[in-house]
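Take a look at the structure below.
The values are calculated or read from the model by the stated rules, or taken from the named source; none is laboratory data. The structure displayed is predicted, hence computed values, not measured ones. FYI the Cβ positions are ideal-geometry reconstructions off the backbone, even for glycines, and counts take in every protein chain you see. The area values use the complete protein model at the heavy-atom level, side chains included, leaving out ligands, DNA and RNA. Shrake-Rupley method; radii C 1.70, N 1.55, O 1.52, S 1.80 Å.
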Amino acid sequence: MTKTIITLKKADLTLGSAAASVHVLKQIDLEIRAGEAVGIVGPSGSGKSTLLMVLAGLERLDSGEIVINDAPLHALSEDRLADFRGRNIGIVFQSFHLIANMTALENVAVPLELANVKDAFEIARRELAAVGLGERLSHYPGQLSGGEQQRVAIARALAPSPSVLIADEPTGNLDTETGRQIADLLFSKQAERGMTMLLVTHDNALAARCSRQIRVRSGEIVGDSATAHATVQAVSA
């Protein structure tokens, strides 16, 4: 049986304070197995992006537990959490988040150097070549198209060889054809490396490419295609 790589138990989170507070996640229970491609969908304001940030280790729960690769993220100090995230979780954002005064090569290599990874620049060259940018190493973000910038961001996310890849609306700022190419790249790398991928998207066609879809509404999980499939299997057995 495939290992459970992510577990959420009674995950609860409120953002803001007093009259402005919003109960964003409400006692969520969730298990994700290694190698799954999971699409997280739901209307705007449903809590899906916040759920993704919790799974990325970028947002702390008020209560409950989150365990990734046997590490209890809810119990780690900020320094240990940052170290764990850098080694285990790759993150791709809608807005790329590249450093403007660094080349493509530097954008990928510098985070590795900060994490004391040996051969950071060689790894960065290899990852940029793997996403089709082997000839664009010395270009700055402003000299790259939107699709190329997202490829740099993907190379940066993949460079530490994470077990979990997290993508928040990775095609949201791209035209249809470029978005399709970026989606193809993400799914091919996920399959090639056997990573677990968690993908938030408003694009139903993109979500449908995932092996499992989780639907979030008002801070709760209201649908899980894997749960339904498991129920059918249990009945058949």
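Estimated from helices alone, the mean residue ellipticity of the chain at 222 nm is -11500 deg cm²/dmol (sum of -39500 (n - 2.57) over DSSP H runs with n ≥ 4, per residue).
When the listed pairs 9/118; 9/189; 118/189; 3/189 are checked against a 31 Å cut-off, the alpha-carbon distance exceeds it for 9/118.
A cut-off under 12 angstrom between Cβ atoms defines the neighbours of residue 136, and their net charge, with Lys, Arg +1 and Asp, Glu -1, is 0. Using a cutoff of 8 angstrom between alpha carbon atoms and counting only pairs six or more residues apart, the relative contact order for the chain works out to 27 percent. Only beta bridges with both residues in the chain are counted; by DSSP, about 55 percent of them are antiparallel. Of the heavy-atom accessible surface of region 139-201 (probe 1.4 angstrom), what whole percent is carbon and sulfur? Percent of accessible area from carbon and sulfur atoms in region 139-201: 45. At a probe radius of 1.4 angstrom, the accessible area of the chain per residue rounds to 48 square angstrom.
Need the list of aspartates and glutamates near residue 10 for cross-linking: C-alpha distance under 14 angstrom, and skip anything on the same chain fewer than eight residues off. Within the straight-line limit of under 14 Å, residue 10 reaches these aspartates and glutamates: 29, 31, 62, 65, 220. Comparing Cα centroids, region 1-59 and region 119-186 end up 25 angstrom apart. Distance between the modelled labels on residue 102 and residue 82, one decimal in nanometres: 1.4 nm (7 Å Cα→Cβ projection). With a cut-off of 12 Å between beta carbons, the residues surrounding residue 34 carry a summed charge of 0, where Lys and Arg count +1 and Asp and Glu -1. The packing ranking of peptides 78-86, 160-168, 29-37, 179-187, highest mean first, is 160-168, 179-187, 29-37, 78-86, where packing means the average number of other beta carbon atoms within 10 angstrom of each residue. Extension gain, residue 29 to residue 217: 0.36 nm times the residue separation minus the Cα-Cα distance gives 66.3 nm.
Using the Cβ of residue 195 as centre and a radius below 14 Å, the other residues enclosed give a net charge of +2, where K and R count +1 and D and E count -1.
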